[in-house]
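Colleague: The structure under discussion is supplied below as structure tokens; questions concerning it will follow.
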There are 2 protein chains.
Amino acid sequence: MAGAAERGPRERMVFSAAQLIRREGVGATGMREVAARAGAPRGSLQHYFPGGKEQLVNEAVGWAGRYAGNRVARFLAALPEPTPSGLFAEMVRQWTDEYEAEGFDGGCPVAAATVDRARAADSTRQAAEDAFARWTGAVAAALTDMGVPGERARPLATLMISSLEGALLIARAERSVRALTTAVRELGPLLDAAVAPAAPGGTAGG
Amino acid sequence: MAGAAERGPRERMVFSAAQLIRREGVGATGMREVAARAGAPRGSLQHYFPGGKEQLVNEAVGWAGRYAGNRVARFLAALPEPTPSGLFAEMVRQWTDEYEAEGFDGGCPVAAATVDRARAADSTRQAAEDAFARWTGAVAAALTDMGVPGERARPLATLMISSLEGALLIARAERSVRALTTAVRELGPLLDAAVAPAAPGGTAGG
DNA sequence: TCAGCACTATGACGGCTGTCATAGTAGCGG
DNA sequence: CCGCTACTATGACAGCCGTCATAGTGCTGA
């Protein structure tokens, strides 16, 4: 997750909150440190986020959801010939690149918020739901553009994101990208098989 | 995750720690509450867990890994005719049953420990790695017993667990079992296709 | 009876948390 | 100069945290 040249201090705080959350979890992320890392004064916290930590966390999660959704479109544009497996490989590669370059410290902030706050703060749970929905929607739209039938697009997008999120957990625990590359390799053919209605042979039913 | 009649107070504390962690996350789980929910005296904490919270969390994660591994064998025995998709469906059903009966408060304690402590406490990260390894090993062994070629068993087991873990996150965020049932439906055929070396036709390339 | 051990009981400590209260500064229109 | 608004700056607060120190209980064995 890049983004060094954020606009105002408010945006920088949301961004640094997301960064901290995905590394340390929500509970271990302190407001004071969020402000410090953003180069923002501590007093601005209560000014920009009168709803307190809950609001800050929710906005960080929303930011992550928007970021993930936007990345999908960019991946699509970068692919020479767009295929579902190619898109998935790009989504995963973003993570393997980070892990190999910077180590396995970071995870997905939406996952962290879900694990830490889904039960305690319903507004945060809702923010996570929205983030997943936006992300899934972007992936499903991309699949549809590639020729995946409309009814299959959303389930497959959900499967892609599920597998990615789970593989991220395992990768962090193992300090290895194995689970991530495994997901790409095993899921790729399944994804591409959903494209063609005019393929030679084709899968029965439907 | 059942287990009401635990033996001693020590085991009860480990169990209640796992329960609390999977609901609230590691950070929001307090030692005092762990003891209280276990019906154990607070003073026993420093007696049984001189390594402090870190040790308690690690043992809770280890317990969860053993539990998940053991469940696999029991699922296998319960299936009339064992198939990979049947095993996966059973693994997922354990969660959908819980969610429909008790709500979406709980997640996987190994996932929670990874998100909250993978960076801060390496011994906990290691415990999570071991838990995933044990779980994956059990699933891979089951797949092998079903006729899945040895080289494919572990990748597929990893994919199953990745998808399950990710779908759990989405399910909690959405308060819906949709992502879980989607994973079963979409992944099932892929898993079963890995069984037969003597299937009619078969997939090319290999 | 006394030691020795496993376990329990309780109070205190320092540290960090999120939040609030209060005051201060900068820029702007008039 | 004023007032007004946006933002900053600190200090204090109560609360919870994990941990430690210390003492107490009850059983075992000699």
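The values are calculated or read from the model by the stated rules, or taken from the named source; none is laboratory data. This is a predicted model, so every value here is computed, not measured. As a convention, Cβ positions derive from the backbone with ideal geometry for all residues, glycine included, and neighbour counts pool all protein chains shown. Just so you know, the surface numbers come from the protein's heavy atoms only, side chains and all, with ligands and any DNA or RNA stripped out. Shrake-Rupley method; radii C 1.70, N 1.55, O 1.52, S 1.80 Å.
Colleague: Given the criteria among the small types (Gly, Ala, Ser) and on the phi > 0 side of the Ramachandran plot, does B:Gly65 qualify?
Modeller: Spelling it out, it is not the case that B:Gly65 is among the small types (Gly, Ala, Ser) and on the phi > 0 side of the Ramachandran plot.
Yes/no per residue for (1) away from chain A (no Cβ under 12 Å); (2) among the small types (Gly, Ala, Ser):
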site	(1), (2)
B:Val92	no, no
B:Asp116	no, no
B:Ala133	no, yes
B:Ala138	yes, yes
B:Gly147	yes, yes
B:Ser162	no, yes
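Colleague: Could you go through the range B:62-77 and let me know if any residue there is closer than 24 Å to A:Ala120 by Cβ and not β-branched (Val, Ile, Thr).
Modeller: Yes, the range B:62-77 contains at least one residue that is closer than 24 Å to A:Ala120 by Cβ and not β-branched (Val, Ile, Thr).
Colleague: Looking at the range A:136-155, can you tell me whether even one residue there is in contact with a Phe, Trp or Tyr (Cβ under 6 Å, 6 or more places away or on another chain), open to solvent by less than 30 Å² (accessible area, probe 1.4 Å) and in a helix (DSSP H, G or I)?
Modeller: no
Colleague: Let me ask you something else. Could you give every pair whose Cβ atoms fall below 6 Å, whose first residue belongs to the range A:35-57 and is away from chain B (no Cβ under 14 Å), and whose second residue is within 6 Å of DNA strand D (Cβ to nearest atom), counting only separations of at least 6 or pairs across chains?
Modeller: Matching pairs, first to second residue: A:Ala35/A:Arg42; A:Ala40/A:Pro9; A:Ser44/A:Pro9.
Colleague: Still on this model: Output the helices (runs of 4 or more DSSP H) that fall wholly within the range B:1-64 and possess 3 or more residues being under 16 Å from B:Cys108 (Cβ atoms), or say none.
Modeller: B:9-24
Colleague: Further question on the same structure: Any residue in the range A:21-30 that is on the phi < 0 side of the Ramachandran plot, crowded, with 23+ Cβ neighbours inside 10 Å and among the basic types (Lys, Arg)?
Modeller: Checking the range A:21-30: at least one residue is on the phi < 0 side of the Ramachandran plot, crowded, with 23+ Cβ neighbours inside 10 Å and among the basic types (Lys, Arg).
Colleague: Go through the range A:172-198 and give me each residue that's more than 9 Å from every other protein chain (Cβ to nearest Cβ), in a helix (DSSP H, G or I) and aliphatic (A, V, I, L, M).
Modeller: Residues satisfying the conditions are A:Val184, A:Leu191.
Colleague: Does B:Ala77 meet the test of being without any contact (Cβ under 8 Å) to a residue 40 or more places away in the chain, out of contact with any Phe, Trp or Tyr (no Cβ under 7 Å at 6 or more places or on another chain) and in a helix (DSSP H, G or I)?
Modeller: So B:Ala77 fits the description; yes.
Colleague: While we're on this one: Name every residue in the range B:99-114 that is open to solvent by 10 Å² or more (accessible area, probe 1.4 Å) and either touching a Leu at 6+ places or on another chain (Cβ under 9 Å) or assigned to a loop (DSSP other than H, G, I, E, B) (or both), in order of residue number.
Modeller: B:Gly103, B:Phe104, B:Asp105, B:Cys108
Colleague: Hey, another quick one. Kindly establish whether A:Val92 is in contact (Cβ under 8 Å) with a residue 60 or more places away in the chain, surrounded by 17 or more Cβ atoms within 10 Å (Cβ to Cβ) and within 16 Å of DNA strand C (Cβ to nearest atom).
Modeller: For A:Val92, the condition - in contact (Cβ under 8 Å) with a residue 60 or more places away in the chain, surrounded by 17 or more Cβ atoms within 10 Å (Cβ to Cβ) and within 16 Å of DNA strand C (Cβ to nearest atom) - is not met.
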